[in-house]
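Enquirer: Handing you this structure, nothing more for now.
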Amino acid sequence: MDYLDLRSDTVTRPSAKMRQQIAAAEVGDDVFEDDPTVKRLESMVAALFGREASLYVPSGSMANLVCLHTVSKPGDEIICEEGCHVFNFEAAAAAAISGLLFHIVRGERGAFTADKVRPLIRPESLHSPRTRIIEIENTHNRAGGTIFPLDDIRELHRLAGEYNLKTHLDGARIWNAHIATGVPLAEYAQYFDTVAVCLSKGLGAPIGSMVIGDHDFIREARRTRKMFGGGMRQVGILAAAGIYAIENNLARLAEDHENARRLAEALAQIEGIAIDLEAVQTNIVIFDVVRAGYSVEDVLAGLKEKGVLAVPFGERRIRCVTHLDISRSDIDRAIKVFQGVFETLN
Ligand SMILES: Cc1ncc(COP(=O)(O)O)c(C=O)c1O
């Protein structure tokens, strides 16, 4: 069956034009820093984010880990939000590989204020772990693609400066925040020592993430990437897809946001669904199945039977994500399927 795949924005397939760019890419050995296409991507991304340098890595998880590992020592502490990706969805890599201790702050729609973080910062003491990093996720996946308010980011940056802490941005979907708010990528990036962004989510590249920061940090990050087995050779064929994605698929994220809003508003009309419309700020739609007696599994199975794929996101919760391969008419088709499934379940 030709499914409408709303499981994630990672499911997109490279278009014919992207594949042409991949085929035509000039390559070299990137571990020797000889790949011209990787270099082009790295300088392009550094410039976009207004920073000195960037580094190409295979995945968002590796981008986060390379950042966190490079600026910390085992036993240091990272303050991050309870629903964030590094804490929940990266197989505890920061703890298992880098020896970081997670210190959790409870957020609201994935965001939190400096006032909430201040009491969590450890005093300098022989007995305590050292607070080292404040991490934020923007947009926030588990909270439903929510945007971290810029004023709170500025306050957190100020707080980090006061205590000499590092700041890390998991900006896997910072592109979506940028398109939704109009805040320049460089404005977001200036408040963080280390930034991780993904090319393989909303932008539609088949693979790849970028680590961004200043020259000294990127030099060390390159070493960390090698240590993790992430040094790659003629990888310009993949970097070419990243360049294509940034040049062609960034502005169109606005369509994904409109489609998500259209879907969310239609779902809000369906009896048996509860949805926080204010949390639908970009391309993610999360809702609760509130009809007694119906499980998330029933709903997902019903959707699949009628050609729509989504993912479970908790005991009563389902997530849908809009992306490059989902058009407005696909969304209208998906809405009809949702209506049908919930009528059948009635
Ligand atoms: C917010 C966030 N950070 C990081 C990642 C990790 O990306 P990857 O799947 O490429 O490792 C994801 C993946 O969904 C994510 O949503």
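Enquirer: Note down the net charge around residue 342, summing +1 for each Lys or Arg and -1 for each Asp or Glu among other residues with Cβ under 10 Å from its Cβ. Walk me through the intermediate numbers first.
Expert: Values: positive: 291; negative: 271, 343.
Summing Lys and Arg as +1 and Asp and Glu as -1 gives -1.
Enquirer: How much length is gained if the chain between residue 89 and residue 1 is pulled fully straight, taking 0.36 nm per residue apart and subtracting their Cα-Cα distance, in nm to one decimal?
Expert: 28.7 nm
Enquirer: Still on this structure, I have one more. If you average the sequence gap of Cα pairs under 8 Å that are 6 or more apart and divide by the length of the stretch 252-345, what percent do you get for the contact order?
Expert: Over the stretch 252-345, the number comes to 32 percent.
Enquirer: OK, next. Treating the beta-carbon of each Lys and Arg as +1 and of each Asp and Glu as -1, no other charges, what is the dipole magnitude of the stretch 1-135 about its Cα centre, to the nearest 20 debye?
Expert: Rounded to the nearest 20 debye, it is 380 debye.
Enquirer: Follow-up question, since we're still on this one. Order 292-301, 312-321 from most to least packed using the mean count of other Cβ atoms within 10 Å.
Expert: Details: 292-301: 13.8, 312-321: 18.3.
Highest mean packing first, the order is 312-321, 292-301.
Enquirer: So what is the relative contact order for the chain, in percent, with contacts set as C-alpha pairs under 8 Å and at least six apart?
Expert: Relative contact order, the chain: 25 percent.
Enquirer: Run down the lysines and flag those whose C-alpha is under 26 Å from the C-alpha of residue 39, throwing out any fewer than 8 positions away in its chain.
Expert: 17, 201, 226
Enquirer: Residue 137: net charge of surrounding residues, Cβ under 9 Å, Lys/Arg +1, Asp/Glu -1, itself excluded?
Expert: Counting the neighbours of residue 137, the net charge comes to -1.
Enquirer: Expected output is a single nm value to one decimal: the length gained when fully extending between residue 163 and residue 26, i.e. 0.36 nm times separation in residues minus the C-alpha distance. What is it?
Expert: Between residue 163 and residue 26, full extension yields 44.8 nm more.
Enquirer: For the chain, what does the helix formula give at 222 nm: sum of -39500 (n - 2.57) over DSSP H segments with n ≥ 4, over the residue count, nearest 500 deg cm²/dmol?
Expert: Value at 222 nm, helices only: -12000 deg cm²/dmol.
Enquirer: Could you rank the peptides 56-69, 150-163 by their average count of other C-beta atoms within 10 Å per residue, with the highest value first?
Expert: Per-residue mean Cβ counts within 10 Å order the peptides as 56-69, 150-163.
Enquirer: Within the stretch 318-346, name every residue whose backbone N is under 13 Å away from a label modeled 7 Å from Cα of residue 298 along the Cβ vector.
Expert: Those under the cut-off are 341-346.
Enquirer: Does a label point 7 Å from the Cα of residue 332, set along Cα-to-beta-carbon, have any residues of the stretch 276-292 with amide nitrogen under 16 Å, and which are they?
Expert: Counting only backbone N, you get no residues.
Enquirer: What is the packing order of peptides 252-265, 90-103, taking the mean over residues of other C-beta atoms within 10 Å and listing the highest first? Could you put the intermediate results ahead of the total?
Expert: Details: 252-265: 19.5, 90-103: 17.4.
In descending order of packing, they fall as 252-265, 90-103.
Enquirer: Please label the shape of the chain as rounded, prolate or oblate, based on the square roots a ≥ b ≥ c of the eigenvalues of the alpha-carbon gyration tensor (a/c under 1.5 means rounded; beyond that, a/b larger than b/c means prolate, else oblate).
Expert: It is oblate, given that a/c is not under 1.5 and a/b is not larger than b/c.
Enquirer: Starting from the Cα of residue 183, move 7 Å in the Cα-to-Cβ direction to define the label point; list residues of the stretch 125-145 whose amide nitrogen is under 19 Å from there.
Expert: Under cut-off, by backbone N: 134-145.
Enquirer: Next question. Measuring from label point to label point, each 7 Å out along Cα→Cβ, what is the residue 219 to residue 276 span in nm?
Expert: Going by the 7 Å Cα→Cβ label model, 4.4 nm.
Enquirer: Additional query: For residue 126 and residue 82 in the same chain, what is the full-extension length gain: residue separation times 0.36 nm, less their Cα-Cα distance, in nm?
Expert: On the way: separation 44, 0.36 × 44 = 15.84 nm, distance 2.69 nm.
Going from the current span to full extension adds 13.1 nm.
Enquirer: A follow-up question, please. Treating only the Cβ atoms of Lys and Arg (+1) and Asp and Glu (-1) as charged, compute the dipole magnitude of the chain about its Cα centre; round to the nearest 20 debye.
Expert: 380 debye
Enquirer: Specify the inter-centroid distance of the stretch 193-236 and the stretch 64-127, based on alpha-carbon positions, in whole Å.
Expert: Taking the Cα centre of each part, the stretch 193-236 and the stretch 64-127 sit 20 Å apart.
Enquirer: Moving on. With the contact rule set at Cα under 8 Å and sequence spacing of 6 or more, what percent relative contact order holds for the stretch 1-89?
Expert: 11 percent
Enquirer: Going by the alpha-carbon gyration tensor, a ≥ b ≥ c the square roots of its eigenvalues, is the stretch 196-269 rounded (a/c under 1.5) or, if a/c is not under 1.5, prolate (a/b greater than b/c) versus oblate?
Expert: Values: a/c = 2.92, a/b = 2.28, b/c = 1.28.
Prolate, because a/c is 1.5 or more and a/b exceeds b/c.
Enquirer: Going by the alpha-carbon gyration tensor, a ≥ b ≥ c the square roots of its eigenvalues, is the stretch 66-176 rounded (a/c under 1.5) or, if a/c is not under 1.5, prolate (a/b greater than b/c) versus oblate? Don't jump to the answer; show the numbers that get you there.
Expert: Details: a/c = 1.82, a/b = 1.25, b/c = 1.45.
Judged from the Cα gyration tensor, the stretch 66-176 comes out oblate (a/c at least 1.5, b/c at or above a/b).
Throughout, read-outs are computed from the coordinates displayed, never taken from laboratory work. Remember, predicted model here, so these are calculated numbers, not experimental data. When we count neighbours, we look across all protein chains shown, and the Cβ atoms used for this are built from the backbone with ideal geometry, even at glycine.
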